[in-house]
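Engineer: Below is the structure I would like to discuss, written out as structure tokens.
The values are calculated or read from the model by the stated rules, or taken from the named source; none is laboratory data. The structure displayed is predicted, hence computed values, not measured ones. Neighbour counts run over all protein chains shown; Cβ positions are idealised from the backbone, glycine included.
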Amino acid sequence: MRYLVTLVALGGGVVSDATALWGVGTWVDRDGVRRPWEVSHTEIQRAMGHSSRVLGDLGVGPGARVLWCSMLSEAAQVWPFIVGSMLSGAQLSCADATAAEAPRVAMFCRLIDYRAVMGVTGAILDGLDEMGLAYADVFGAVAVLGARPDAYHRLTTAGLAPQHFALVGPAVAVAREPAGPALVDDAEWAVDLIDGHVAVTTKSERPTAFDRAVTCVRAASTSGNEIACA
């Protein structure tokens, strides 16, 4: 499976202890720079457990259908949710989060009755625009529409009711209801604001520690593990 990258060098030295590592993830800082971080098998397993609980909150379970939109560079954040979807008994589809994949996303949504479509990006919406497809025609029948920050307001303007879905650096924040705050795993991450950007701090042991690492995600406020995305 291509997501299970065991060892990668990304902008730095080669990881020293491959046996303890699942791979190398990447996250985007406030300047838009993609940065690598070492990811252990243990933290991926913890993330799988958390993702299963989140999916249950969203009603994704046996027989439900879910489409995940992501990129290979986001595997460390999204892979636990993909595995969690399969373990829940849901029927899984995947698409790249690019404009070029918009035709596939539109086709999937036309042919398959999805409970959830997660990770919709501005790039996918750009691709739908190029095709002349209205967002409501593509996503209108989807009960849970997880939108990235660059897609959220475009979807609400189109009359849809998306839920916030954001890769907050190495963490994943998912709203449980439309217009609700996006929540990170409060056993793993602390969040606060620095100049309007969400900063993340590790709470559990992991190979790469984060101490108020400032991400590209903007927010109006944070409270506990909740993020009021801007």
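Engineer: Is there any pair linking a residue in the stretch 98-109 that is farther than 17 Å from Leu72 by Cα to one that is at pLDDT 95 or above and among the aromatic types (Phe, Trp, Tyr), with Cβ under 8 Å and at least six apart or on different chains, and which?
Structural biologist: Every condition considered, the pairs that remain are Phe108/Tyr114; Cys109/Phe139.
Engineer: When you go through Asp211, Asp192 one by one, which is the residue that is in contact (Cβ under 8 Å) with a residue 12 or more places away in the chain, farther than 25 Å from Phe139 by Cβ and either out of contact with any Gly (no Cβ under 8 Å at 6 or more places or on another chain) or not small (Gly, Ala, Ser) (or both)?
Structural biologist: Asp192
Engineer: Give me the residue from the stretch 120-164 that is free of Cβ contacts under 8 Å to residues at least 40 places away in the same chain, within 14 Å of the chain's Cα centre (by Cα) and not in a strand (DSSP E or B) and, out of that set, surrounded by the fewest Cβ atoms within 10 Å (Cβ to Cβ).
Structural biologist: Residue satisfying both the conditions and the ranking: Asp150.
Engineer: If you scan the stretch 123-163, which residues turn out to be closer than 17 Å to Val60 by Cβ and of a type in the set (Phe, Trp, Tyr)?
Structural biologist: Phe139
Engineer: Also, I was wondering about something else. Across the stretch 1-33, which residue is surrounded by the most Cβ atoms within 10 Å (Cβ to Cβ) among those that are modelled with pLDDT of 50 or more and within 15 Å of Val78 (Cβ to Cβ)?
Structural biologist: Ranking the qualifying residues of the stretch 1-33, first place goes to Gly25.
Engineer: Okay, moving on. If we keep just the residues of the stretch 66-106 that are assigned to a helix (DSSP H, G or I) and of a type in the set (Val, Ile, Thr), which is surrounded by the fewest Cβ atoms within 10 Å (Cβ to Cβ)?
Structural biologist: Once the filter is applied, the top-ranked residue is Val83.
Engineer: Continuing with this model, one more query. Among the residues that make up the stretch 180-189, is at least one of them touching a His at 6+ places or on another chain (Cβ under 6 Å) and surrounded by fewer than 24 Cβ atoms within 10 Å (Cβ to Cβ)? Before the answer, list the steps.
Structural biologist: Narrowing the stretch 180-189 to residues touching a His at 6+ places or on another chain (Cβ under 6 Å): 182, 185.
Those still in the list that are surrounded by fewer than 24 Cβ atoms within 10 Å (Cβ to Cβ) too: 185.
Yes, there is a match, as at least one residue in the stretch 180-189 is touching a His at 6+ places or on another chain (Cβ under 6 Å) and surrounded by fewer than 24 Cβ atoms within 10 Å (Cβ to Cβ).
Engineer: Out of everything in the stretch 195-218 that is touching a Pro at 6+ places or on another chain (Cβ under 9 Å) and crowded, with 19+ Cβ neighbours inside 10 Å, what residue ends up being nearest to Thr42 (Cα to Cα)?
Structural biologist: Phe210
Engineer: Would you mind listing the strands (runs of 3 or more DSSP E) fully within the stretch 165-230 where at least 3 residues are more than 17 Å from Asp31 (Cα to Cα)?
Structural biologist: Passing ranges, in order: 171-175, 189-194, 213-223, 226-229.
Engineer: Being acidic (Asp, Glu) and touching a Lys or Arg at 6+ places or on another chain (Cβ under 8 Å): is that true of Glu188 here?
Structural biologist: On the way: acidic (Asp, Glu): yes; touching a Lys or Arg at 6+ places or on another chain (Cβ under 8 Å): yes.
So Glu188 fits the description; yes.
Engineer: Pick out the one residue from Leu145, Leu125 that is farther than 23 Å from Gly196 by Cα, at pLDDT 95 or above and either of a type in the set (S, T, N, Q) or in contact with an Asp or Glu (Cβ under 9 Å, 6 or more places away or on another chain) (or both).
Structural biologist: Only one candidate passes the filter, namely Leu125.
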